[in-house]
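Contents: one structure, followed by commentary.
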Amino acid sequence: MMSLRNGVFACVACLGGAFANAQGVTLPDYHYVELDNGAVFILHEKRDVPLIGVQALIRGGAVTDPEGKAGLSDLLASMLEKGAGERDAASFAETVAGVGGSLSASAGLETVSISGEFLARDADLVIELLVDMLRAPVLDRGEFSKLRDRQIDLLAAAKDGDPRPLTSIYGNAYLFGDHPYGAPVGGDEASLAAISHRDLLAYYDAFVGADRLIISLAGDFDAAEMIDKLTAAFVDWRPAAEALPEIEAPSPAVGRRVLLVDRPDATQSYFWIGNVGVSVHYPQRAELNIANTLFGGRFTSMLVDEMRTKAGLTYGVRSSLRRPSQPGSFAIVSFTRTDSTVVAIDLAIELLGRLRDVGFDDELIASGKNYILGQFPPRLETAEQLAVQFAALQAAGLDASFINDYGAAVAGAASEDIHAVIADVYPQVDNLVFVIIGDAEQLRDAVAKYGPVTEMSVADPRFRP
């Protein structure tokens, strides 16, 4: 048996795949199906272009990686592309490329995802490939070994080269520690080396199954026919063998502490300054996004204006908000010359204090609103974008109001409410976690003023002590 309902939302003029009104977008009609085994299908007919956007999610992701084996879910995701059903890795890739399609898998903190886009004429192939990837991945031992070893080599190369992609990995690892949000999604050199092919097979049985599955399709197809085909393909699929873990809310850091990651003779330092922030369910999302856009979320932000344009301390700086199901991290991330490390960090702390103490004037708030309202609609235009959005809402337990009400919430956000959110979310300058990647010999004494310093080498195969 299955249940079927239509989600129908009021809308004005059509803008791409979603619908536009004066203050944002409204999600279009969709079909929702839930099978008795827990599999969920979300389908939206979008007939303007002969394309089908695909997004399949398995709830779980990196938070389900066994202790000491971070990166296992990410390896599994990559292995889904390395052969499925009767196709080995090469023939699978050739099949997708041969019809001009795209299909890739990746892991996130709380999901494993398969994303793609195909011509509408290849709808049956889309289902066939999804079924094979999810229900019959080859999981070849040789492909696994090559993939794992390559990932280890890439991490080592990043540490020797440009460590910017690793800065936030170090930051979240040090902030969250043993909490599941501290584990690197892609693993580290030590955890990847500890993962065996047997672990991969066991993980697939334990954490991949119908009860975790969300398939979202948007595009040029008949929804009723697609529902019948998906149902036939997945109605008899087993559930995952193990329950999803309960993720507890992490505690914010109190006081200050510093992790200094030594890169001898480095000419630049890379730093991450942060604390625990909020979850995807934070109710004042619009006000928070306005604040973060103005603080460090766009090129003309407070951080960029002060640290790059005026002070010339960096080529890039941003503030980030990681918002999973429980509170994630807030961080300021940047890099600078080794000899200007302390000056840059001091300025970043000063600007965080200014944000909390002063906030933004009405003119800046208006510019932030206009920026968000201009950027938001184009993210919901294509079939693939809509498929991704429907799946993400379902995985997070959110309804269409998350999108439908957002434009009005941004447009109507009051300055006093924005300032209240700043005080609520952004950490006080005395409660900060610092991660600094650079030449410890030159930085050790200077950064001790920020708090107790823990040191590790960038050559260490882990991302935290």
Take the residues in region 39-69 that are in a loop (DSSP other than H, G, I, E, B) and on the phi > 0 side of the Ramachandran plot, then tell me which one is surrounded by the most Cβ atoms within 10 Å (Cβ to Cβ).
Gly60
Would you be able to tell me the number of residues in region 89-130 that are closer than 29 Å to Ser325 by Cβ, assigned to a strand (DSSP E or B) and of a type in the set (A, V, I, L, M)?
5
Failed condition for Leu443, given (1) in contact with a helix residue (DSSP H, G or I) (Cβ under 9 Å, 6 or more places away or on another chain); (2) surrounded by fewer than 21 Cβ atoms within 10 Å (Cβ to Cβ); (3) outside any strand (DSSP E or B), with all others met?
(2)
Against the condition modelled with pLDDT of 95 or more, surrounded by fewer than 19 Cβ atoms within 10 Å (Cβ to Cβ) and under 30 Å from Ala223 (Cβ atoms), how does Glu128 come out, does it pass?
yes
Quickly run through region 254-299 and pick out the residues that are without any contact (Cβ under 8 Å) to a residue 40 or more places away in the chain and either buried (at least 17 other Cβ atoms within 10 Å of the Cβ) or more than 20 Å from the chain's Cα centre (by Cα) (or both).
Asn292, Gly296, Gly297, Phe299
Are there any pairs with C-beta distances below 6 angstrom linking a residue in region 55-67 that is of a type in the set (Ser, Thr, Tyr) to a residue that is assigned to a helix (DSSP H, G or I), with the two at least 6 apart or on different chains, and if so which?
Thr64/Phe207
Would you check if Leu303 is among the aliphatic types (A, V, I, L, M) and surrounded by 17 or more Cβ atoms within 10 Å (Cβ to Cβ)?
yes
Residue count, region 179-226, condition touching a strand residue (DSSP E or B) at 6+ places or on another chain (Cβ under 9 Å) and within 23 Å of Leu35 (Cα to Cα), comes to 19
Would it be correct to say that Ala120 is over 21 Å from Leu72 (Cβ atoms) and touching a Phe, Trp or Tyr at 6+ places or on another chain (Cβ under 7 Å)?
yes
Among Asp178, Asp199, which is the only one that is surrounded by fewer than 21 Cβ atoms within 10 Å (Cβ to Cβ) and either of a type in the set (S, T, N, Q) or part of a loop (DSSP other than H, G, I, E, B) (or both)?
Asp178
Some residue of region 347-360 being crowded, with 18+ Cβ neighbours inside 10 Å, under 22 Å from the mean Cα position of the chain (by Cα), in contact (Cβ under 8 Å) with a residue 12 or more places away in the chain and in the same structural domain as Asp439 (by TED's automatic domain parsing)
no
Of all residues in region 326-382, which are among the charged types (D, E, K, R) and part of a helix (DSSP H, G or I)?
Asp339, Asp346, Glu350, Arg354, Arg356, Asp357, Asp362, Glu363, Lys369, Arg379
Do we have any residue at all in region 215-229 that's crowded, with 17+ Cβ neighbours inside 10 Å and assigned to a loop (DSSP other than H, G, I, E, B)?
yes
How many residues are in contact with a strand residue (DSSP E or B) (Cβ under 6 Å, 6 or more places away or on another chain) and either under 30 Å from Ala396 (Cβ atoms) or part of a helix (DSSP H, G or I) (or both) when one looks only at region 305-325?
7
Output the residues belonging to region 153-166 that are surrounded by 20 or more Cβ atoms within 10 Å (Cβ to Cβ) and either among the polar types (S, T, N, Q) or touching a helix residue (DSSP H, G or I) at 6+ places or on another chain (Cβ under 6 Å) (or both).
Leu155, Leu166
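The values are calculated or read from the model by the stated rules, or taken from the named source; none is laboratory data. Keep in mind that what you see is a predicted model, and the values were worked out from it rather than measured. Positions of Cβ are generated from backbone atoms using ideal geometry, with glycine treated the same way; all protein chains shown enter the neighbour counts.
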